[in-house]
Amino acid sequence: MVLLTGVFITTLDFFIVNVAIPATQRDLHATPSQIQFVVAGFGVAVAAGLITAGRLGDLYGRRRMFSLGLALFTLASAACAEAPSAGILIGARVAQGVGAALLMPQVLGIITTVYTGPERAKAFDAYGIAMGFGGVFGQLIGGVLIKADLFGMGWRAIFWINVPIGAAALAVVRRIVPESRANGASRLDPVGTVLVSLGLVAIVIPLVQGREQGWPMWTWECLGAAAVLLAAFAVHQRRVGHPLVSPALFRHRSFPVGAVVSLVHAMTMGSFFLILALYLQVGRGLSPLASGLVFLPLGLGYFVSSARAAAIAERLGRQTVAVGGLAMALGLGVLAVTSADLGQHGAVAWVIPGLVVAGAGMGLVMAPLPALVLSRVDAEHAGAASGVLSTAQQAGGAIGVALVGVVFYGAHGGVPHAFTAGLVFLLILDVLVAALVQALPKAR
């Protein structure tokens, strides 16, 4: 439960901040560029630090790195809540991202090394459920906190909520979570750390900022530099004696194929939440709280399917993820049809069936996927593998938002039509998830 608490609040923080953006901008007199970096600073820090953080857990102890990350995330959340200016808020959000990067891969690493057999499968399922709940209910929780305006805190409440939760988890982590690390671990690879960190930053920043700024030349230069840096990182890892990411991770196709499946699935998740929120609040004129309530059917479908995912996976194995991808595609297809028919004046309740089906599909993908990806990873590489997997998810989210933004804002005919166009794009990605799963090895 302590590990899942860390997963939940860091995932929640990624999504919940979007609800508070208008109020934050008014209160701090922030420019549009500053507001973009309030959102992007967190994501860039997380993406840049995950692989290195996973290796740090292998070397110096996964519980230790988890505790350090959770402490930093909790302190940074308090700094966000008390930020007197946009600049300080951006700096605190980056610190939050560093804390999240430190703790996230340790959770999967600890699960991989501490649990075995059916217990490991249950732990992975619980991880997927916690992560999905943070994303699915972020919009609703944010809307409730802002509407309640507890003690006059307004938007600051979305950051204060992390502080007591993080402090409570820190108080018991040493008693509950066992320490683990790689046997005979060597040392950190400084050159590899710099190369992969710079390469990931060079990918995420242009993807986050590019569409807003009309894709200026610097965004393409960054993406080109990212390709060079990551290619140099791959070559360096094969030559160095103590690699940050061991080539041994890629000997079994379950890991590289699973990482690609995770990346493509992540492209759909954050993108869908984004365009759904825009459709509800801009296209249909709902308040953040009312918009959050519409997310409840999505959460219901997710809860029911993720609770049954372990039992289904025992019978269907990897095809559970394929079924989930196709269910998401079906749900998005139903949403595309109903939203197009509703226009701007029909009852919003008509979107509920599509949301329930899409949520059920998400649960069938997210709950069993980590176990499939990490099933054949050796314990000594558990932290590094978890860092790579988490990085794939973060990068997928950034890529998906950038691509769906092009489709959504490039469509003509108003927000409902743009929403439909975005859904069709995401539907195709979900079908691709189901197809890619076929390349995963069958369970032993």
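Just so it is clear, none of the values below were taken in a lab; they were calculated from the coordinates. Just so we're clear, the structure is a prediction, and the values are computed from it rather than from any experiment. Cβ atoms come from the backbone with ideal geometry, glycine included; neighbour counts cover every protein chain shown.
Quickly rank 320-332, 117-129, 47-59 as a protection proxy: mean count of other C-beta atoms within 10 Å, highest first. Let's see the in-between values first.
Numbers: 320-332: 24.3, 117-129: 18.3, 47-59: 28.4.
The packing order, highest mean first, is 47-59, 320-332, 117-129.
Go ahead and run the numbers for FRET between Trp350 and Ala231, Cβ-Cβ distance against an R0 of 45 Å, rounding to 0.05. The formula returns an efficiency of 0.40 here. Per-residue Karplus couplings for region 265-272, computed as 6.51 cos²θ - 1.76 cosθ + 1.60 with θ equal to phi - 60°, are listed in order as 5, 5, 4, 8, 5, x, 5, 5 Hz, Gly and Pro entered as x.
Taking the centroid of alpha carbons for each part, region 44-107 and region 216-259 are 23 Å apart.
Sorted largest first, the principal axis extents computed over the alpha-carbon atoms of region 342-444 equal 56, 26, 21 Å.
List the trypsin sites (Lys or Arg not before Pro) within region 144-239 that DSSP assigns to loop and that have no more than 13 neighbouring Cβ atoms inside 10 Å. Answer in residue order: Arg187. Descending by average beta-carbon neighbour count within 10 Å, the peptides 68-74, 159-165 line up as 68-74, 159-165, the highest first. Peptides 348-357, 265-274, ordered by how many other C-beta atoms sit within 10 Å of their residues on average, highest first, read 265-274, 348-357. Calculated on the Cα set of the chain, radius of gyration then Dmax: 20.6, 64 Å. In this structure, the amide hydrogen of Leu286, modeled 1.01 Å from its nitrogen in the peptide plane, lies closer than 5 angstrom to those of Gln281, counting only residues at least 5 positions away or on a different chain.
Given the DSSP H assignment, sum -39500 (n - 2.57) over each helix run of at least 4 residues in the chain and divide by its residue total; what's the result at 222 nm in deg cm²/dmol, nearest 500? Don't skip to the end; give the middle numbers.
On the way: 19 runs with 344 residues, N = 444.
Computed ellipticity for the chain at 222 nm equals -26500 deg cm²/dmol.
Karplus-derived 3J(HN,Hα) values for region 297-304, using 6.51 cos²θ - 1.76 cosθ + 1.60 with θ = phi - 60°, are x, 4, x, 5, x, 5, 4, 5 Hz; glycine and proline are entered as x. Modelled spin labels at Arg376 and Val172, positioned 7 Å past Cα toward Cβ, are 3.8 nm from each other. All C-alpha pair distances within region 1-178, sorted into 5 Å bins from zero, spread as 1, 9, 17, 21, 20, 14, 9, 5, 2, 1, 0 percent across the bins.
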